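Enquirer: Take this structure, written in structure tokens, and hold onto it; I'll ask about it next.
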Amino acid sequence: PASDPDLVARARAAKEALGAKVFILGHHYQRDEVIQFADVSGDSFKLARDAAARPEAEFIVFCGVHFMAESADILTSPSQKVILPDLAAGCSMADMARLAQVEDAWAGLEDAGVADSVVPVTYMNSSADIKAFTGLHGGAVCTSSNAEVALEWAFSQKPDAKILFLPDEHLGRNTAVLKMGFTLDDCIVWNPRLPLGGNTIEAIQAARMILWKGHCSVHGRFSPDVIDELRSKHADLQVIVHPECQHEVVLKADLVGSTEFIIQTIEAAPPGSTWAIGTELNLVKRLATNHPDKNIVFLDRNVCYCSTMNRIDLPHLVWALESLAAGNVVNVIEVDPDTEHWAKIALDRMLALPG
Ligand code: 13P
Ligand code: SF4
């Protein structure tokens, strides 16, 4: 549905009143009604890189989810305040790795006698304390657009390195197996609810990739059957998916990449081409609207929004902007200094990677 014109006018007026004091960042999964107000829209990597682009802005309003706002707070100056318009905009994947669980897993790796050769790599989609744990243990953050180069970096840090990949098992497996030549046998899954993650000591010692048992509830829905079904209906269908999808889905797709990669691919595609896209629905709908000359279908039989991304709606954005304009600083995301120190080390290692 079209945005409420009254709320659009209020958001515009509040943004104008704040002027250079406010910088609005928006992830590609945000609603149309929200993304229209973003000064910069992007994938997780671009938003992390651009968070510090306006040092003069007093307020960074982050239209995305909690872990992204935390990263923006870590990467900007202490005088800048990061605002998340709805504090309930979390991420179910990030919630699947808690610090105490990861510390227990590390103790398990010590018991198995391998901790000295383990380098942690955490996906951006994790809480700041998991990023800090990663920084403290010599590892780096990665996003879906640089997972391969981050893993190459991590493997080069120690002889016979093993990677503890947090918290998305699918991104870890898809990158290691489909981009780096590892086999499925090189990967084990670490289930934090089981002793030694559900593995034998021998399996841990033999593994190269230790994949945390976490996943995205949105991307986990896409299934290989639907790809078969759509291919039987549409001649010359090309399938493009996000690497948070299950391995079986990515295996059947033609292309895999971050949200930014998906957008660039569709923009460059010839008119008349047919695409099935396996990522969040706000983005797929926007691509279909912006490219009426291409045939774009959604890779799921049912609706598939990210419910937490969707919590940032126009009423919340208006409320946050009007509060700031009235001098009332609401919903500040602030990472504590010790966590920030180590998490920044892990984020800076990612930002220093080539490419
Ligand atoms: P990217 O925008 O980095 O591809 O990430 C997707 C995602 O799930 C963010 O939550
Ligand atoms: Fe988290 Fe998945 Fe939503 Fe991204 S799409 S914020 S990974 S639940």
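Enquirer: Determine whether residue 210 is β-branched (Val, Ile, Thr), buried (at least 23 other Cβ atoms within 10 Å of the Cβ), touching a residue at least 60 places away in the same chain (Cβ under 8 Å) and closer than 25 Å to residue 161 by Cα.
Expert: On the way: β-branched (Val, Ile, Thr): yes; buried (at least 23 other Cβ atoms within 10 Å of the Cβ): yes; touching a residue at least 60 places away in the same chain (Cβ under 8 Å): yes; closer than 25 Å to residue 161 by Cα: yes.
Judged against the criteria, residue 210 is a match.
Enquirer: Consider residue 271 against the criteria (1) out of contact with any Cys (no Cβ under 8 Å at 6 or more places or on another chain); (2) buried (at least 18 other Cβ atoms within 10 Å of the Cβ): it satisfies all of them except one. Which criterion is unmet?
Expert: If we test residue 271 against (1) out of contact with any Cys (no Cβ under 8 Å at 6 or more places or on another chain); (2) buried (at least 18 other Cβ atoms within 10 Å of the Cβ), just (2) comes out false.
Enquirer: Let me ask you something else. Out of all the residues in region 50-65, is one or more farther than 29 Å from residue 336 by Cβ and within 16 Å of ligand 1 (Cβ to nearest atom)?
Expert: Within region 50-65, the subset farther than 29 Å from residue 336 by Cβ is none.
Looking through region 50-65, none of the residues is farther than 29 Å from residue 336 by Cβ and within 16 Å of ligand 1 (Cβ to nearest atom).
Enquirer: For region 315-355, enumerate the residues that are of a type in the set (S, T, N, Q) and either surrounded by 19 or more Cβ atoms within 10 Å (Cβ to Cβ) or assigned to a helix (DSSP H, G or I) (or both).
Expert: At the first step, the residues of region 315-355 found to be of a type in the set (S, T, N, Q) are 323, 328, 331, 339.
Within region 315-355, 323, 331, 339 qualify.
Enquirer: Which residue pairs have Cβ atoms closer than 8 Å, lie 6 or more positions apart in sequence or on different chains, and pair a first residue in region 213-235 that is under 29 Å from residue 124 (Cα atoms) with a second residue that is surrounded by 19 or more Cβ atoms within 10 Å (Cβ to Cβ) and among the aromatic types (Phe, Trp, Tyr)?
Expert: From region 213-235, the pairs are 213/190.
Enquirer: Also, quick follow-up: For region 78-125, give me each residue that is of a type in the set (Ser, Thr, Tyr) and closer than 30 Å to residue 324 by Cβ.
Expert: Taking region 78-125 first, the residues of a type in the set (Ser, Thr, Tyr) are 79, 92, 117, 122-123.
If the condition is that a residue be of a type in the set (Ser, Thr, Tyr) and closer than 30 Å to residue 324 by Cβ, then 79, 92 are the ones that fit.
Enquirer: Does any residue in region 331-355 that is touching a residue at least 24 places away in the same chain (Cβ under 8 Å) come within less than 6 Å, Cβ to Cβ, of a residue that is surrounded by fewer than 20 Cβ atoms within 10 Å (Cβ to Cβ) and of a type outside the set (A, V, I, L, M, F, W, C) six or more places away or on a different chain, and which pairs are these?
Expert: From region 331-355, the pairs are 332/81.
Enquirer: To continue, here is another question. Could you pull out the residue among 47, 75 that is more than 20 Å from residue 215 (Cα to Cα) and within 15 Å of ligand 2 (Cβ to nearest atom)?
Expert: The conditions single out 47.
Enquirer: Look at region 311-355 and say how many of its residues are within 20 Å of the chain's Cα centre (by Cα), of a type in the set (Gly, Ala, Ser) and modelled with pLDDT of 95 or more. Steps first, please.
Expert: Pass one, region 311-355, residues within 20 Å of the chain's Cα centre (by Cα): 311-313, 333-335, 339-340, 342-355.
Retained after the next criterion (residues that are of a type in the set (Gly, Ala, Ser)): 343, 346, 352, 355.
From what is left, the residues that are modelled with pLDDT of 95 or more are 343, 346, 352.
The number of residues fulfilling the criteria is 3.
Enquirer: Do you know which of the residues in region 92-124 that are within 13 Å of ligand 2 (Cβ to nearest atom) and surrounded by fewer than 23 Cβ atoms within 10 Å (Cβ to Cβ) is farthest from residue 54 (Cα to Cα)?
Expert: Per the criteria, the residue is 96.
The values are calculated or read from the model by the stated rules, or taken from the named source; none is laboratory data. Computed from a predicted structure; not experimentally measured. Because the Cβ atoms are built from the backbone with ideal geometry, glycine has one as well, and the counts that use them run over all protein chains shown.
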